[in-house]
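Asker: Take this structure first; my questions come after.
The values are calculated or read from the model by the stated rules, or taken from the named source; none is laboratory data. Given the structure is predicted, the values throughout are model-derived calculations rather than measurements. Ideal geometry is used to build each Cβ from the backbone, glycine not excepted, and the neighbour counts take in all protein chains shown. Only protein heavy atoms, including side chains, enter the accessible area calculation; ligands, DNA and RNA are left aside. Shrake-Rupley method; radii C 1.70, N 1.55, O 1.52, S 1.80 Å.
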Amino acid sequence: MKINKEIIERFLQNTSTDQERRAVETWYYSFENNLDGISQLTDEEQLDLENELYLKIKEKIAPVQKTPTRQINWVWYLSSAAAMFLLTFGIWTYNKSAKNIQSLSGIPFSGWAKYENVSAKELKITLPDGSVVVMKPKTQLSYNQSDTKFREVNLIGEAFFDVMHDATRPFLIYTGKMTTKVLGTSFSVKAYPSMKKSEVSVVSGKVTVFEKDAEDKQNNGVILTPNLKVTFFDEEEHFVTGLVEKPEVLTTINKENLSFNFQDAPLNEVLTALEKAYGIEMVLERESLGKCTLNGDLTEMPLFTKLDIITRSLNATYQVKGTSILVSGAGCE
């Protein structure tokens, strides 16, 4: 029997048939153990069910008198399981605005909402302002629902943020002693307590990272652009900037027409093309290196693979120096 909203409503009202009750009990066991049972419902039915169960739990469901003890216990267990489900995934997960949340749940939209990913997979949530967060396992995030000046988030763990642009309300992420400030961009933040450091890696847009409660201090913090990252060490209280592990072509670049097929191209021209595509400064140790020519198609290769092939073919080397890449070698005359 397929579990739907009507069957569960009858179960909670003690009006279900024996067959329906047994089906709900079986469904309860499946979603208590692995949460897969809930997938039998459509997205709309899941949302309606979550909100109705939440309201019933909030009202402290009272056992119906003169009903079998087993049935009363099952109502309590089902409600408890629903409460755990809602706590794990957050009743706000499916909603994109304060108005929607308030109308669906009937609960005032105020205070901080907490999200926690206790599963072994990534968890994608949509915040009330429309921003999307992909939470890694063992990650906790809380969102300030009542602040009108800022969009504030506390993060413990690791998550990818795709922040909805809002020039009037900056998006602030607090991780230990570090604060990340954005208006609208995409980036990753890693801040596990055991690390004693926080990391921010930018995919698109621009991010300002500074020491918590020190935004107004001169020269405090750094500004990051795509493919750059910063690490803030809690004990030393200082920032170290660098490149992300796998730089990607900028989102502002038309990738369909992008080509790195070079024919007798001077190294100066090659590195200029890489700079524009990745937004990373390329520096030649010697001017004579720029005269060396390159032949080959590097279009489908990651940035560091491109650089490996370029430098080996020219008997040169490269190093990551902070947020830049330095190419060294004898050069060509």
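Asker: Could you give me the ³J(HN,Hα) list for the range 316-333, computed from phi with Karplus coefficients 6.51, -1.76, 1.60 and θ = phi - 60°, whole Hz, x at Gly and Pro?
Answerer: So the J values, rounded to whole Hz, are 10, 9, 9, 9, 7, 10, x, 9, 10, 10, 9, 9, 10, x, 6, x, 10, 9.
Asker: Okay, moving on. Under 5 Å between amide hydrogens, which residues at least 5 positions from Asp234 or on another chain qualify, with H placed 1.01 Å from N in the peptide plane?
Answerer: Placed amide hydrogens put Lys197, Ser198 under 5 Å from Asp234.
Asker: Can you give me the distance in nm between label points at Thr148 and Asp18, each placed 7 Å from the Cα along the Cα-to-Cβ direction?
Answerer: 6.0
Asker: Here's a follow-up. Using only Cα atoms, locate the centre of the range 188-206 and the centre of the range 252-329, then give the distance between them in Å, rounded to an integer.
Answerer: Spelled out, the Cα-based centre of one part sits 28 Å from the other.
Asker: Residue by residue, what Karplus-based ³J(HN,Hα) values in Hz, rounded to whole numbers, does the range 232-248 have, using 6.51, -1.76 and 1.60 with θ = phi - 60° and x for Gly and Pro?
Answerer: 10, 8, 4, 5, 7, 6, 8, 9, 10, 9, x, 9, 5, 5, 10, x, 10
Asker: Next question, about the same structure. Output the antiparallel fraction of DSSP beta bridges having both residues in the range 118-225, as a percent to the nearest 5.
Answerer: 90
Asker: Kindly write out, for the range 305-310 in residue order, the coupling ³J(HN,Hα) from the Karplus curve 6.51 cos²θ - 1.76 cosθ + 1.60 (θ = phi - 60°), rounded to whole Hz, with x marking Gly and Pro.
Answerer: For the range 305-310, the Karplus-derived couplings read 5, 4, 5, 4, 5, 4 Hz, x marking Gly and Pro.
Asker: Take Thr179, Thr241 and sort them by solvent-accessible surface of the protein heavy atoms, 1.4 Å probe, largest at the top.
Answerer: Final ranking, largest accessible area leading: Thr241, Thr179.
Asker: I've got another one for you. Please figure out what share of the DSSP beta bridges in the range 136-195 is antiparallel and state it in percent, rounded to the nearest 5.
Answerer: 80
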